[in-house]
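The values are calculated or read from the model by the stated rules, or taken from the named source; none is laboratory data. Owing to the predicted nature of the structure, the values given are computational and were not obtained by experimental measurement. Neighbour counts are summed over all protein chains in view; Cβ atoms, including those assigned to glycine, are modelled from backbone coordinates with ideal geometry.
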């Protein structure tokens with residue numbers, strides 16, 4: 001038997017059922033508020049998994065991986081694991097260095113964490129005396145947005161200048177976390193054989209000290225205001241270093257670095273080289289912070305790449321991968 005309803009239903013839903021205009025106005029208002037809030041919403045391709053960490057590293061010249069693990073990691077790690085907020089640790093030992101990475105609980109105060117880790121490190125007093133002082137570094141969280149490849153039939157040094165210009169343009173647009181890969185700073189090498197050291201009765205320390213003394217120009221005082229005078233000439237080129245005088249001989253001749261060894265320069269592609277087909281290439285990694293908008297940054301990188309491509313030499317391209 002059907003139940004009889006009252007003459008007039010009451011309640012929140014029944015009110016909107018009787019007044020359809022108010023329901024439509026509320027719907028329109030919610031849509032407008034959503035449209036107004038949309039530009040302030042941060043977007044990314046995948047949900048953030050932010051893991052904050054602190055790394056403790058110790059250098060120890062001449063020590064093997066086993067020695068670094070036994071004398072550094074096994075000594076430091078128990079004290080570091082006792083730090084409040086530590087969730088997990090990961091230790092790495094290699095020749096001449098040991099490092100311990102500490103992951104903290106989500107949302108932990110990382111300024112406090114870095115101070116607590118430093119205090120724990122300072123409390124350890126039985127590290128090897130030959131080891132360097134421990135270095136405590138707070139790691140910044142990064143999330144890769146895209147990789148940019150610059151390639152073409154030009155030299156690596158020219159590609160490096162294009163990469164510097166590209167990262168400069170990104171910085172001007174607010175994209176500040178970039179990493180250039182495939183190049184390294186040029187390096188001047190001085191090679192001296194043991195036979196040459198014996199023949200000229202000189203040590204590597206004497207050669208090193210002579211080069212260090214000539215490689216920098218020294219301050220010579222103030223002229224006034226913010227102007228300063230520097231004395232000497234900084235010798236950085238291979239020819240200048242080869243001409244550095246190590247000592248004067250009794251016969252009046254001078255013994256130079258070039259007389260006892262070989263000086264040469266290794267280029268920007270000495271450590272790692274990238275290629276696209278037969279052409280050299282340089283890769284630029286673009287990252288974002290935990291507050292960055294990945295989709296908006298991707299769009300900015302695409303616009304900067306398209307704008308810069310217009311002024312590049314024929315055959316040189318900028319591609320996002």
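Checking the structure you have, find out if any residue of segment 186-195 is in contact with a strand residue (DSSP E or B) (Cβ under 9 Å, 6 or more places away or on another chain), closer than 23 Å to residue 297 by Cβ, in a strand (DSSP E or B) and touching a residue at least 60 places away in the same chain (Cβ under 8 Å).
No, segment 186-195 contains no residue that is in contact with a strand residue (DSSP E or B) (Cβ under 9 Å, 6 or more places away or on another chain), closer than 23 Å to residue 297 by Cβ, in a strand (DSSP E or B) and touching a residue at least 60 places away in the same chain (Cβ under 8 Å).
Inspect all residues belonging to segment 101-114 and state whether any of them is assigned to a loop (DSSP other than H, G, I, E, B), touching a helix residue (DSSP H, G or I) at 6+ places or on another chain (Cβ under 8 Å) and either touching a residue at least 24 places away in the same chain (Cβ under 8 Å) or more than 22 Å from residue 52 (Cβ to Cβ) (or both).
Within segment 101-114, not a single residue is assigned to a loop (DSSP other than H, G, I, E, B), touching a helix residue (DSSP H, G or I) at 6+ places or on another chain (Cβ under 8 Å) and either touching a residue at least 24 places away in the same chain (Cβ under 8 Å) or more than 22 Å from residue 52 (Cβ to Cβ) (or both).
Tell me yes or no: at least one residue of segment 143-153 is surrounded by fewer than 15 Cβ atoms within 10 Å (Cβ to Cβ), outside any strand (DSSP E or B) and out of contact with any strand residue (DSSP E or B) (no Cβ under 7 Å at 6 or more places or on another chain).
No, that holds for no residue.
Name the strands (runs of 3 or more DSSP E) wholly inside segment 218-273 in which the number of residues that are at pLDDT 75 or above and exposed (fewer than 14 other Cβ atoms within 10 Å of the Cβ) is 1 or more.
Qualifying strands (runs of 3 or more DSSP E): 245-248, 254-256, 262-266.
Within segment 157-164, is there a residue that is surrounded by 15 or more Cβ atoms within 10 Å (Cβ to Cβ) and modelled with pLDDT under 85?
Looking for residues that are surrounded by 15 or more Cβ atoms within 10 Å (Cβ to Cβ) and modelled with pLDDT under 85, one finds none in segment 157-164, hence no.
Yes or no, residue by residue, for (1) part of a helix (DSSP H, G or I); (2) modelled with pLDDT of 90 or more; (3) on the phi > 0 side of the Ramachandran plot; (4) in contact with a strand residue (DSSP E or B) (Cβ under 7 Å, 6 or more places away or on another chain):
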| site | (1), (2), (3), (4) |
| --- | --- |
| 51 | no, no, no, yes |
| 54 | no, yes, no, yes |
| 57 | no, yes, no, yes |
| 61 | no, no, no, no |
| 69 | yes, yes, no, yes |
| 75 | yes, yes, no, no |
| 88 | no, no, no, yes |
| 93 | no, yes, no, no |
| 99 | no, yes, no, yes |
